[in-house]
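Report on one structure; see the data block that follows.
The values are calculated or read from the model by the stated rules, or taken from the named source; none is laboratory data. Everything numeric here is computed off the predicted structure, so don't read it as measured data. Note that we place each Cβ from the backbone using ideal geometry, even for glycine, and neighbour counts take in every protein chain shown.
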Amino acid sequence: MGHWVFYRDAGWKPGGRLKSLAPLMAFCAAVGVAQAATCTGPAAPGKGPAWNGWADAANTRFQDAKAAGLTAQSATRLKLKWAFGLPGVTNAEGTPTLFGGRVFVGDANGVVYSIDAQSGCTYWTTTVGAGVRASPVVDDVGRFVYIGDLKGNVYALEAASGKEVWKARASEHPMAVITGSPKLAAGRLFVPVSGRDESMAAASPAYECCTFRGSVAALDAATGRKVWESFTVREEPKVTGQNAKGVKTWGPSGAVPWSSPTIDLEKKVLYIGTGVNYSKPATDTSDAVVAMDMDTGRVLWTRQFTTDDAYNFACGAQDKTNCPRDPFVDADFGNSGMLHSIGGGSACWRSATRAAWCTASIRISRGSCCGR
């Protein structure tokens, strides 16, 4: 049973600053934590700490001490307040959203929970079509909760009841998944869309690899209507030949955004980091930073950091029939970039997993699958 824990601070006083991953919360996996009781009354007014989705628009993941209810000095005095069990799962991946005195979180079975932040009791649960890996997002007035699942579906739920308001497909491709948290801005929900082609390629040499292209979809937040869809690979996949088993191969593919977009609200530009191409031919938009116009989805520019990086899970399997390149590189942008002003109307995009464009950049590590 996966669970997440909520901490309280004894003796916190305003002052100081803290860069927190989520206010007063931490994820872990364990066995034997009981699920909380059903809440009997309304949530307390949301005057305490808040954390909405993956991060703010610029992905700074910063809160000052007043907003977080926590300082660097008081962090050592945290004590367990309550723990909430997620039945039937062994891990919890998406950052919880804390808004209006409630905690919203989804699990690997597709169950979405609304939990009281003070006591851990449950206001409601609802089950969506597939597992939830991304953080929920709540609108500014706390009316709707938006969430994506691992089958490429996006949902708007009533925050008060969990009732479904609308459901939409972020992509029509059957292998679409949503691993990065959507961003809500200007009445639209910007959804990064990745795909399971990368793992399916290792499942069987008879699998026709690969036809999925990464994309971002802009949905009307009120209705779920798709306003635009912009692909990270310009060309539509076509048959490129056969693998060693005589099965059709397709390309170009991949270059998916695994993480939450970064948004410049002033310039109305959306940025994403992309991953590898799943098959050949390799493109100039894999392992890259891609800038898109928020209004239209038009690609403004791209900057690639690793060329000719074609990879899928078959490259690490015993049967490498569908592996497009061996030895492989696999140097995705796996984490969201942070937008940072450097003055003079210019900005810098930084990623925890890879170096990116700035006035200057340094290599702080060789990188890894987890960004360490």
What number of residues within region 274-312 are surrounded by fewer than 23 Cβ atoms within 10 Å (Cβ to Cβ), of a type outside the set (Lys, Arg) and closer than 15 Å to Glu236 by Cα? 2
Given the conditions (1) within 20 Å of Arg325 (Cβ to Cβ); (2) touching a Phe, Trp or Tyr at 6+ places or on another chain (Cβ under 6 Å), which single one is not true for Ser215? (1)
Of the numbered conditions (1) farther than 20 Å from Asn335 by Cβ; (2) within 19 Å of the chain's Cα centre (by Cα); (3) among the β-branched types (Val, Ile, Thr), Thr126 satisfies every one except a single condition; which is it? (2)
For region 277-303: of the residues being of a type in the set (A, V, I, L, M, F, W, C) and in contact (Cβ under 8 Å) with a residue 60 or more places away in the chain, which is farthest from Trp54 (Cα to Cα)? Val299
Residue count for region 226-272, restricted to those that are under 12 Å from Thr211 (Cα atoms) and charged (D, E, K, R): 4
Got at least one residue in region 144-156 being of a type in the set (A, V, I, L, M) and modelled with pLDDT under 95? no
Looking at region 109-129, can you tell me whether even one residue there is among the charged types (D, E, K, R) and outside any strand (DSSP E or B)? no
Quick check on my filter: what residues within region 131-159 are without any contact (Cβ under 8 Å) to a residue 24 or more places away in the chain and not acidic (Asp, Glu)? Val141, Arg143
Count of region 38-68 residues which are over 16 Å from Phe104 (Cα atoms), in a loop (DSSP other than H, G, I, E, B) and at pLDDT 80 or above: 9
Please work out if Ala201 is under 16 Å from the mean Cα position of the chain (by Cα) and either within 22 Å of Glu235 (Cα to Cα) or in the same structural domain as Tyr146 (by TED's automatic domain parsing) (or both). no
Answer yes if at least one residue in region 87-101 is acidic (Asp, Glu) and part of a loop (DSSP other than H, G, I, E, B), and no otherwise. yes
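To keep it simple, each residue is scored yes or no on (1) touching a Phe, Trp or Tyr at 6+ places or on another chain (Cβ under 9 Å); (2) under 16 Å from Ser194 (Cα atoms).
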{"position": "Ala244", "(1), (2)": "no, no"}
{"position": "Val247", "(1), (2)": "yes, no"}
{"position": "Gly254", "(1), (2)": "yes, yes"}
{"position": "Ser259", "(1), (2)": "yes, yes"}
{"position": "Thr274", "(1), (2)": "yes, yes"}
(1) farther than 14 Å from Ile115 by Cα; (2) at pLDDT 85 or above; (3) in contact with a Phe, Trp or Tyr (Cβ under 7 Å, 6 or more places away or on another chain) all hold for Phe84 apart from (1)
Taking the criterion of being under 23 Å from Gly273 (Cβ atoms) and among the hydroxyl-bearing types (Ser, Thr, Tyr), would at least one residue in region 148-168 satisfy it? no
Subset of region 66-104 that is of a type in the set (Phe, Trp, Tyr) and crowded, with 22+ Cβ neighbours inside 10 Å - its residue that is nearest to Arg133 (Cα to Cα): Phe104
Index of the failed condition, Asn322 passing every other in (1) surrounded by fewer than 18 Cβ atoms within 10 Å (Cβ to Cβ); (2) part of a loop (DSSP other than H, G, I, E, B); (3) modelled with pLDDT of 95 or more: (1)
